[in-house]
Amino acid sequence: MVPEVRTTLLEYTIRGHSLRHDPAKRYGQEIIALLNRVWPVIKSNSIPNDGINRVVYDADGTIFAGIMLDPSAEANPAAAALEHKTIRLTRYAYWKHTGPYHLIPITGAAMTKALEAQGLKTGWPMLEVYGHWTNDESKLETETFVAVH
């Protein structure tokens, strides 16, 4: 697998929750905690959404986890109570990890090394887009988008 450098605009506005990463905790643990705050609000208020979890990592150690809402949901007071984050990338690397989530960091390290071999440096933000869940971990898909310089 080779990371692909793209220059087409990537822009998402995500609704969810954020926290500052605690180095004593695993990222996955924090992401699940954030999403467990988002989904009850979405489900109990029947807020239309795309059903895809997105996680944004920023240079200051902030993690933001959420989903994209249907434009019709913006008027919903429960949706408005969620934090929002807009991601805008104009030059970024892209790759897709297929397999168990716990192997994502290994794929990320390999992709970063491949980019560095091309003279590119990764930056912030980094966005992970999680495909729909399946019990077969070998089929889990996670797309990664990371700013490059």
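The values are calculated or read from the model by the stated rules, or taken from the named source; none is laboratory data. Keep in mind that this is a model prediction, so the values were computed, not measured. With ideal geometry, Cβ positions are generated from the backbone for all residues, glycine too; neighbour counts draw on all protein chains shown. Just the protein is used for accessible areas: all its heavy atoms, side chains included, with ligands, DNA and RNA removed. Shrake-Rupley method; radii C 1.70, N 1.55, O 1.52, S 1.80 Å.
Beyond 24 Å, what share of the Cα-Cα pairs of the chain remains, rounded to the nearest whole percent?
In whole percent, the share of Cα-Cα pairs in the chain beyond 24 Å is 34.
What ³J(HN,Hα) values, in whole Hz, does the Karplus curve 6.51 cos²θ - 1.76 cosθ + 1.60 give for the stretch 65-71 when θ = phi - 60°, with x put for Gly and Pro?
Calculated HN-Hα couplings, in order: 10, x, 9, 8, 9, 5, x Hz.
Under the rule of -39500 (n - 2.57) per DSSP H run of 4 or more residues, summed and divided by the residues of the chain, what mean residue ellipticity at 222 nm is obtained, to the nearest 500 deg cm²/dmol? Display every interim value, and only then the final one.
Numbers: 3 runs with 36 residues, N = 149.
Mean residue ellipticity, 222 nm, calculated: -7500 deg cm²/dmol.
Under 5 Å between amide hydrogens, which residues at least 5 positions from Arg91 or on another chain qualify, with H placed 1.01 Å from N in the peptide plane?
For Arg91, whose amide H was placed from the backbone, the distant partners under 5 Å are Val148.
Tally Lys/Arg at +1 and Asp/Glu at -1 over every other residue whose Cβ is under 12 Å from the Cβ of Tyr57; what's the total?
With Lys, Arg at +1 and Asp, Glu at -1, the net is -1.
To the nearest 10 degrees, how steep is helix 27-44 against the longest Cα principal axis of the chain, on a 0 to 90 scale?
Between helix and principal axis, roughly 30 degrees.
So how much accessible area does Ser44 have, in Å² to the nearest 10, using a 1.4 Å probe?
90
For the stretch 1-29 and the stretch 76-144, compute the distance between their C-alpha centroids and round to whole Å.
6
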